[in-house]
Amino acid sequence: MTAPQSIALTIAHINDTHSHFESTPVSLSLDSTQTRVYANCGGFARIASAVKRFRAEADQKGHAFMFLHAGDCFQGTLYYSLFKGQANADMLNQLGIDAMAIGNHELDLGNGPVADFLDRITFPLLAGNWHVANEAADKEKRVSEKPALLPYLPEQKRASVMIKTIAGRKVGIFSLAVEQMAALANPDHDTPFLPATEIAKNTVAYLRSQGVGTVILLSHLGYDKDKSLAESVSGIDVIVGGHTHVLQGDFQNIGLDNQDPYGYRVNDTWIVQAGCHAQAIGRFTLTLDAKGRPTHFEGQNYLLLGRSLAMDASREHKLTASSYQAARDYLNQQQNLLILPSDLTLKQYLQQTYRPRVAQLESDIVTHVPQRLRHVRVPDQQGGSDVAPLVTESFLWAAREQGIEADFAIHNAGGVRVSLNAGPLSAALIAGSLLPFAIDVIAYRVTGAQIRNALEGAINNATDNGVIGLGSGSFPYCADLRYRYEAWQPMGARITQLDIKRGQHWIAIDDERQYVGVSSSYTAQGKEGYDALQTGRRRSIGLSMAECFMQYARAQDVLQLPDQPLVCYLASPQQGESCWQS
């Protein structure tokens with residue numbers, strides 16, 4: 001019996017889920033009723049329901065089906081802070097994904113947690129530009145020994161691949177992750193990430209030589225890099241992407257953004273990405289000809305909603321019956337929404353296995369916030385972050401409580417994730433939302449000149465001022481240290497004032513003198529422009545970022561902001577002469 005001339009392959013995909021196992025309240029604006037409502041969005045149990053529906057629909061139509069994750073499942077919520085990768089492995093196994101790409105946040109704490117994750121997962125972790133072949137033999141945990149890892153193959157100069165045969169057609173899948181992994185995360189020094197383009201070309205050539213008709217790149221490179229790769233590498237049919245949290249499609253019908261259309265096409269390559277935080281899922285169908293070559297692409301992203309609606313995120317204020325029905329009728333008509341219940345089996349597993357410890361921390365009120373504290377990364381017309389200086393102060397306070405004679409602290413703005421509303425502040429909110437990255441705080445010794453260079457390097461990186469930066473998250477906030485940055489000055493001379501606090505007074509930093517600083521291990525290792533902080537003399541203070549802030553907040557009557565801002569960021573000469581009183 002001969003194979004049909006064409007077949008269909010349906011692929012569902014998610015990315016950057018960041019341990020968001022539970023649903024998240026999202027604010028939706030409904031065009032037809034001018035109503036703003038809050039709905040429960042996403043979560044792993046709702047993703048499980050969507051995938052079951054997609055799988056059943058594919059079966060009914062005679063389509064093959066696959067489910068992919070484009071990386072960054074670690075970090076992001078209290079579930080990761082408490083359980084690290086164990087909970088992610090359990091939950092992803094139950095979702096039944098076919099393959100996952102490694103993301104940068106999987107490597108925030110080095111290779112060890114990835115090795116543990118690889119021991120637990122029942123699906124392959126693809127990492128086609130991760131060169132692990134020269135990993136040291138004496139390591140306690142070696143990722144190169146794990147059969148679930150599909151890494152770079154140095155002898156062939158290509159990625160490891162998955163090849164699936166569907167009705168006689170071969171579909172090949174490989175993965176690439178951010179090339180600047182060492183600048184964004186903490187892969188072990190003997191396992192570098194290599195440039196992507198040549199590996200992509202070599203891998204596509206290999207797949208074609210094996211008779212593969214459909215080539216899929218499971219990418220954690222980021223949306224712009226995906227586009228440029230599609231420009232320079234021919235033969236990739238679909239890039240299923242992540243890293244940059246792009247929700248493709250027009251979601252203005254519910255008050256969200258209109259980004260590039262789903263299935264953005266560059267040359268002969270379709271590019272898809274499905275937002276973040278387990279709130280949405282993408283699905284596309286490829287029609288494959290007799291040789292397995294895609295001839296047609298159709299699909300879209302879906303925001304995943306529950307049936308309950310409220311007027312506020314706390315769900316204390318209910319809609320009237322008529323308002324609820326009007327909102328429900330409108331939402332039911334939207335083609336880019338899936339309104340469906342959570343999968344009961346997965347929901348019960350989460351509640352019984354992991355939820356109790358999370359609930360414990362939710363009831364632990366650390367302090368009260370007297371007024372809303374705003375967080376921004378780079379200072380704007382309203383000033384800088386209110387939250388980041390307090391977090392940085394907590395690092396310095398905690399180090400001194402440990403008996404470390406620290407002079408100052410620096411923290412990158414991207415390590416602080418949310419603003420704080422007035423009211424009770426729980427341990428769960430601190431560890432799960434405010435400071436969800438489970439990273440140690442490090443004390444180190446540097447010269448005044450190194451501090452100056454680190455501050456400028458981080459701001460240059462954050463603002464793309466003369467360098468190709470990695471994002472605004474590197475912008476520095478300080479404790480017992482204040483600085484003035486003039487963006488128009490020559491590179492290397494942009495920190496025009498740098499003072500350190502001694503008692504109640506500020507004095508100029510001595511470039512030759514050594515000082516003891518405190519930062520997250522991420523910053524202290526020279527990531528994202530902080531190269532000058534790299535130094536051999538360092539030690540952990542024995543606390544994570546969240547633990548520092550919790551202990552600090554418990555010791556304060558109120559969370560008190562500094563009398564004056566410690567950051568004087570001037571983007572142009574017209575912004576003013578001074579940011580503080582001497």
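The values are calculated or read from the model by the stated rules, or taken from the named source; none is laboratory data. Nothing here was measured: the structure is a model prediction, and the numbers come from that model. Note that each Cβ is placed from the backbone with ideal geometry, even for glycine, and that neighbours are counted across all protein chains shown. All accessible areas refer to the heavy atoms of the entire protein, side chains included, with ligands and DNA or RNA removed. Shrake-Rupley method; radii C 1.70, N 1.55, O 1.52, S 1.80 Å.
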Can you name every residue in the range 415-446 that is closer than 19 Å to residue 520 by Cα, open to solvent by 30 Å² or more (accessible area, probe 1.4 Å) and not aliphatic (A, V, I, L, M)? 417, 433, 440, 445
Between residues in the range 46-70 that are hydrophobic (A, V, I, L, M, F, W, C) and residues that are at pLDDT below 95, which pairs lie under 6 Å by C-beta distance while being six or more apart or on different chains? 64/166
For residue 458, state whether it is of a type in the set (A, V, I, L, M) and open to solvent by 10 Å² or more (accessible area, probe 1.4 Å). no
Of the residues that make up the range 301-316, is at least one touching a Gly at 6+ places or on another chain (Cβ under 7 Å) and touching a residue at least 12 places away in the same chain (Cβ under 8 Å)? yes
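Suppose we keep only residues that are outside any loop (DSSP other than H, G, I, E, B) and under 20 Å from residue 417 (Cβ atoms) within the range 338-364. Which one would you say is most open to solvent (accessible area, probe 1.4 Å)?
Start the filter on the range 338-364 by keeping residues that are outside any loop (DSSP other than H, G, I, E, B), which leaves 338-339, 344-353, 355-362.
Still in the list and also under 20 Å from residue 417 (Cβ atoms): 358, 361-362.
On the way: 358: 5, 361: 44, 362: 80 Å².
Residue satisfying both the conditions and the ranking: 362.
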Check every one of the strands (runs of 3 or more DSSP E) wholly within the range 96-182 and list those with 3 or more residues that are buried (at least 18 other Cβ atoms within 10 Å of the Cβ). 99-101, 169-177
Answer yes if at least one residue in the range 388-406 is out of contact with any Asp or Glu (no Cβ under 7 Å at 6 or more places or on another chain), of a type in the set (D, E, K, R), closer than 18 Å to residue 559 by Cβ and crowded, with 22+ Cβ neighbours inside 10 Å, and no otherwise. yes
For the range 451-472, does any single residue satisfy the condition of being of a type outside the set (D, E, K, R) and part of a strand (DSSP E or B)? no
Exactly one condition in (1) farther than 22 Å from residue 97 by Cα; (2) touching a helix residue (DSSP H, G or I) at 6+ places or on another chain (Cβ under 9 Å); (3) of a type outside the set (Asp, Glu) is not met by residue 161; state its number. (1)
Could you tell me how many of the residues in the range 457-497 are out of contact with any Asp or Glu (no Cβ under 6 Å at 6 or more places or on another chain) and free of Cβ contacts under 8 Å to residues at least 40 places away in the same chain? 9
Where in the range 206-297 are the strands (runs of 3 or more DSSP E), entirely inside, with at least 2 residues that are more than 22 Å from residue 104 (Cβ to Cβ) and under 19 Å from the mean Cα position of the chain (by Cα)? none
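Say whether the condition of being touching a residue at least 40 places away in the same chain (Cβ under 8 Å), of a type in the set (S, T, N, Q) and open to solvent by 20 Å² or more (accessible area, probe 1.4 Å) is met by at least one residue in the range 7-25.
First, pick out the residues of the range 7-25 that are touching a residue at least 40 places away in the same chain (Cβ under 8 Å): 7-25.
In the following step, the residues that additionally are of a type in the set (S, T, N, Q) were identified as 10, 15, 17, 19, 23-24.
Now restrict to residues that are open to solvent by 20 Å² or more (accessible area, probe 1.4 Å): 23-24.
Checking the range 7-25: at least one residue is touching a residue at least 40 places away in the same chain (Cβ under 8 Å), of a type in the set (S, T, N, Q) and open to solvent by 20 Å² or more (accessible area, probe 1.4 Å).
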From the list 498, 533, which residue is under 17 Å from residue 396 (Cα atoms) and in contact with a helix residue (DSSP H, G or I) (Cβ under 9 Å, 6 or more places away or on another chain)? 533
Residues within the range 207-226 that are in contact (Cβ under 8 Å) with a residue 24 or more places away in the chain, of a type outside the set (Gly, Ala, Ser), open to solvent by 10 Å² or more (accessible area, probe 1.4 Å) and out of contact with any Asp or Glu (no Cβ under 9 Å at 6 or more places or on another chain), tallied: 2
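I need a count of the residues in the range 557-568 that are surrounded by 15 or more Cβ atoms within 10 Å (Cβ to Cβ) and of a type outside the set (Val, Ile, Thr).
Pass one, the range 557-568, residues surrounded by 15 or more Cβ atoms within 10 Å (Cβ to Cβ): 559, 562, 565-568.
Those still in the list that are of a type outside the set (Val, Ile, Thr) too: 559, 562, 565-566, 568.
Of the residues in that region, 5 qualify.
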